[in-house]
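What follows is one structure encoded as structure tokens, with my remarks underneath.
The values are calculated or read from the model by the stated rules, or taken from the named source; none is laboratory data. Bear in mind that the values here come from a model prediction, so they are computed numbers and not experimental data. All Cβ positions, glycine included, derive from the backbone under ideal geometry; neighbour counts span all protein chains shown. Each accessible area value is taken on the protein alone, full model and side chains, heavy atoms only, with ligands, DNA and RNA left out. Shrake-Rupley method; radii C 1.70, N 1.55, O 1.52, S 1.80 Å.
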Amino acid sequence: MAPWLRTPQWEFRLMILYDLRHALRQLIRLPGFTLTAILTLALGIGANTAIFSVVNAVLRHPAGVDHPERVLIQNTRYRQLGMDFPGVSIPDYADAASLHNQVEAAAIERDTSFNTLHDGSVEHLSAARVSSQWFQVFGARPILGRTFTAEEDQPNAGPVAVLSYGLWQRAFGGARDVIGKTVMLDEKPYRITGVMRSDFDWPRLNQVWVPIALAPAEFALDQRFNENFRAVIRLRPGASVAQLNAALANKSVEERRREGTNAFGSSSQWSMYASPLAETAAGPLRKPLYVLFGVVALVLLIASANVAGLFLARTSARTREFAIRTALGATASSILRQLFTETLLLAGAATLIGIAAGPIFGRVLLWLIPHSLAEGYSVHMDPIVLAFTAAIGLLTSLIAGIGPALRLLRQHQSLALHEGGRSATASVEKQRLRSAFVIGEVALACLLLTGTGLFLASLRQLQHIDPGFNPHGVTAATVYYSGQEMNKSQQRQATFVDSVLGNLSAQPGVTSAAAIDPLPFDPQQGGGSSFNIVGRPVGPNDPGPHSDVASATADYLKVMQIPLLAGRWISPEDRADTEPVVVIDSRLAKKYWPNQSPVGQHLSAYNGDKPALIIGVVSTIRSSSLEQDPSDGLRYYAFPQATHFVTNILVRTGSDAAAISPAIHRAIASADSTQTASDIQPLESLVSDSLAGRRLIVDMLAAFAALALLLAIVGIYGLISYVTNQRTVEVGVRMAVGAQRSDVIFLVLKGALGWVFTGLAIGAVLSLVADRLLRQSFAAFGSGVFASLTAAVLSLLFVGLLAALLPARRAASIQPIQALRSE
């Protein structure tokens with residue numbers, strides 16, 4: 001050997017190369033073990049990569065936002081009313097924007113919409129009116145042109161617009177000379193100043209941004225409690241959420257003091273605060289993703305336990321090899337280094353495959369998420385996510401592989417030689433360790449199966465909740481009014497709606513048609529307000545009554561099949577020039593008139609309008625979700641007696657939404673050719689979509705529980721096969737002295753069921769703990785825990801028997817003479 005190869009550095013390199021070559025040869029010699037270990041780990045790592053990617057894209061780092069940890073949503077809380085929501089008034093926003101020590105930029109937004117003419121037909125565009133710092137708060141820059149300036153965000157300034165990437169591509173073909181051109185929005189020309197990047201989507205699914213142009217009068221303090229806007233804040237570098245919230249709390253206290261102790265703000269315990277964008281960005285997708293995050297972690301643990309069992313069996317089979325190497329002078333460190341090298345090769349291969357498959361799994365996961373939850377999201381592999389997943393994969397794999405090796409090397413040399421010379425005697429310690437792995441697999445699989453059953457039971461329970469109306473056979477269509485005259489004229493709106501409903505009612509197959517604002521179960525619509533009961537003074541520190549608000553036409557009850565309980569419903573005679581009327585639901589009636597009829601009483605709002613006469617009481621409905629019912633009640637006003645920005649047309653018919661859609665479009669075009677309908681869909685699908693998050697959890701849990709069940713089968717089978725092989729001589733002796741095949745099968749099954757029962761006992765305890773924790777976060781939860789647990793136990797008992805039966809039958813088939821010769 002050349003002298004330069006004898007230096008310590010080169011000796012170390014040659015040793016590493018020798019270990020790598022030997023490890024690779026060992027793994028190639030056992031392709032079944034190698035492929036099983038790699039694929040099992042890769043499956044767990046790939047699932048974790050997928051969920052990490054989705055969680056990062058949706059919760060941790062929303063697309064199009066620079067340093068999202070510094071972006072906050074401003075919220076309003078009415079502690080006495082039990083209300084907490086991400087809406088603000090203009091004075092609230094002004095208070096936050098004035099905190100220059102903590103706030104780098106602040107902006108306010110209100111959803112709007114426009115109609116535009118595209119390819120000869122009217123098209124509806126979702127839009128947002130935003131203040132000039134909106135894009136600065138998110139750190140978003142246009143790919144063409146610029147955003148609008150503070151001077152352009154003033155009343156009576158020339159109308160300008162910033163286009164989304166999608167609208168630019170669709171309406172202008174991606175032309176780069178679009179800057180300076182005009183786009184007609186509600187028959188009004190807007191000069192285009194910029195085009196945003198494709199990943200900027202705030203507010204969600206928006207297509208165009210225009211200046212909000214707030215007038216000075218809108219900042220007056222008497223506008224304080226009109227929370228019709230959303231505000232966003234970017235913190236200064238070094239500022240914290242706690243510091244900002246402390247400053248907002250001081251502003252809230254100052255405002256309550258200014259109002260006085262018996263004013264609305266004080267009596268309702270009104271306050272302002274801010275929360276991180278990441279906490280609200282995902283909306284109803286937040287809880288399901290966190291549940292899935294925990295589930296895939298359990299799957300990775302099960303996969304790791306499986307692989308640890310495989311490594312233990314592998315190292316046990318090599319006991320003779322290690323004993324001989326030790327006798328020939330090999331040190332414990334050299335054997336450990338060899339095992340570490342083999343484990344590292346397996347871990348590296350599994351991690352690379354898992355990371356490569358992760359983005360594919362992530363896109364599949366996003367594709368499986370209901371459209372109502374996942375629309376607008378995309379999965380991109382972030383370097384930090386890749387590094388984190390690689391570290392988790394390597395660490396998990398190494399722990400699974402090195403743990404059994406360390407166990408083996410801790411044994412005394414003479415004991416290793418003794419075991420290496422006998423195949424009939426199994427190490428009690430090794431068997432106990434591998435049994436622990438299988439017990440852990442069974443316990444975690446039991447937890448996943450029980451959790452799946454619990455969520456499935458809760459979903460079925462929620463699906464049977466009566467929303468208070470019959471959505472079957474009802475088609476909903478939303479009309480966002482186009483044009484300032486239409487938006488401001490009650491008479492034009494009433495005439496338009498009457499014409500549309502008249503046209504639809506004359507269609508064959510249509511039994512009834514009505515209009516409502518807002519549409520039940522539409523997450524983009526809805527709202528509430530406080531009111532007074534005329535003649536009933538409000539006590540000290542009492543904020544007064546509050547409820548949701550809607551406006552409806554005469555046939556609304558008929559379309560929705562909502563029972564009228566007292567008085568009468570709104571009629572065509574209730575017009576803009578007649579006495580204001582209101583119908584309340586039974587929840588409000590029971591709360592404020594528990595022992596009398598509310599019909600004939602009057603309600604007044606804080607906006608100074610003439611009090612409305614209560615003419616009837618109807619049954620209570622759920623207006624937002626089957627999963628929860630946060631409403632304080634509902635007041636229905638006559639549709640022609642209010643001005644609306646949006647109208648929802650409801651048609652009850654025997655046909656589906658696709659069949660009635662052309663008739664709806666014709667009816668709207670006939671009434672006003674400048675208006676159009678969007679979001680034509682069955683009302684039943686809106687109701688069903690309120691459970692989309694719960695349904696996603698059930699689907700994903702079922703898939704991962706099936707995977708856990710498969711891994712548990714593999715683990716139980718592998719352990720029984722290993723133990724049975726170790727007891728070959730014992731089985732031969734038993735059969736030689738007269739034991740029957742059934743006795744041998746029973747002997748093997750008894751050991752397997754012992755591990756399964758132990759795992760089930762631990763899994764049952766974990767399931768009960770999980771049930772208690774989940775009940776605090778999810779509605780309609782916990783009623784089916786024992787049924788779900790029983791189903792999980794029976795399933796795992798069945799698969800445990802199935803996994804153990806084959807090795808048991810193989811052991812019973814051994815001829816005694818062959819078993820004794822194997823000694």
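Of the solvent-accessible surface of segment 444-579, computed with a 1.4 Å probe over protein heavy atoms with every protein chain present, carbon and sulfur atoms account for 52 percent. Solvent exposure of segment 105-197 amounts to 44 Å² per residue of accessible area, where only protein heavy atoms count and the probe is 1.4 Å. With R₀ set to 35 Å, the beta-carbon distance separating Asp66 from Arg257 gives a calculated FRET efficiency near 0.40. Counting only the Cα atoms, segment 513-586 fills a convex hull of 137 Å³ per residue.
Return the tail of the calculated pair distribution for segment 604-678, meaning the percent of Cα-Cα pairs more than 18 Å apart. Across segment 604-678, Cα pairs with separations above 18 Å total 64 percent. Taking the convex hull of the alpha carbon positions in segment 72-184 and averaging its projected area over all directions gives 9.6 nm². Stokes-Einstein diffusion for segment 569-709 at 20 °C, viscosity 1.002 mPa s, with a Kirkwood radius from C-alpha pairs, works out to 113 µm²/s. Here segment 142-259 carries DSSP beta bridges of which approximately 70% are antiparallel, counting only pairs with both residues inside. Computed on the Cα trace of segment 211-272, the radius of gyration divided by the Kirkwood hydrodynamic radius gives Rg/Rh = 1.02. Close amide H partners of Glu104, meaning residues 5 or more places away or on another chain with modelled amide H under 5 Å apart, are Arg234, Leu235, Arg236. Take every DSSP beta bridge whose two residues both sit in segment 572-692; close to 50 percent of them are antiparallel.
Relative contact order of segment 168-246: 13 percent, from C-alpha pairs under 8 Å at least 6 residues apart in sequence. Share of carbon and sulfur in the accessible area of segment 47-124 stands at 45%, probe radius 1.4 Å. Of the cross-linked pairs Lys558/Lys610; Lys590/Lys610; Lys558/Lys590, which ones have a Cα-Cα span greater than 26 Å in the structure shown? The answer is Lys558/Lys610. When the residues His464, His602 are ordered by accessible surface, computed with a 1.4 Å probe over the protein chains alone, the sequence from largest down reads His464, His602.
Converting phi to 3J(HN,Hα) with the Karplus coefficients 6.51, -1.76 and 1.60 and the offset θ = phi - 60°, segment 580-594 yields x, 10, 8, 10, 10, 8, 5, 5, 5, 4, 5, 6, 10, 9, x Hz in sequence order, with x at every glycine or proline. Label separation (Phe219 vs Arg575): 4.4 nm, computed from points 7 Å beyond Cα along the C-beta direction. Within the straight-line cut-off of under 15 Å between alpha carbons, the aspartates and glutamates reachable from Lys251 are Asp92, Asp95, Glu259, sequence neighbours fewer than 8 places apart in one chain being disregarded. One Cα centroid belongs to segment 78-123, the other to segment 758-775; the line between them spans 44 Å. Database remark: amide H of Phe521 closer than 5 angstrom to the amide H of Ser624 (H placed geometrically; neighbours at sequence offset of 5 or more, or on other chains; Pro and chain starts carry no H). Along its three principal directions, the equivalent ellipsoid of segment 559-606 from the Cα gyration tensor extends over semi-axes of 20, 16, 9 Å, largest first. Shown in residue order for segment 696-706 are the 3J(HN,Hα) couplings computed by the Karplus curve 6.51 cos²θ - 1.76 cosθ + 1.60 at θ = phi - 60°: 4, 4, 4, 5, 5, 4, 4, 5, 6, 5, 5 Hz (x for Gly and Pro).
Lys181 exposes around 90 Å² of accessible area when a 1.4 Å probe is run over every protein chain in place. At a threshold of 8 angstrom on Cα-Cα distance, excluding pairs fewer than six apart, so keeping six or more, what relative contact order does segment 533-620 reach in percent? Relative CO of segment 533-620 lands at 36 percent.
When the convex hull of its Cα atoms is viewed from all sides, segment 131-205 shows a mean projected area of 5.0 nm².
In this structure, Asn101 and Phe388 have a Cβ-Cβ separation that, at R0 = 51 Å, corresponds to a calculated FRET efficiency of about 0.90. For Thr149, no residue whose modelled amide H falls within less than 5 Å of its own remains once neighbours fewer than 5 places apart on the same chain are excluded.
A probe of 1.4 angstrom, applied to the heavy atoms of all protein chains, finds His472 with accessible area near 120 square angstrom. Of all DSSP beta bridges confined to segment 543-639, the antiparallel ones make up roughly 45%.
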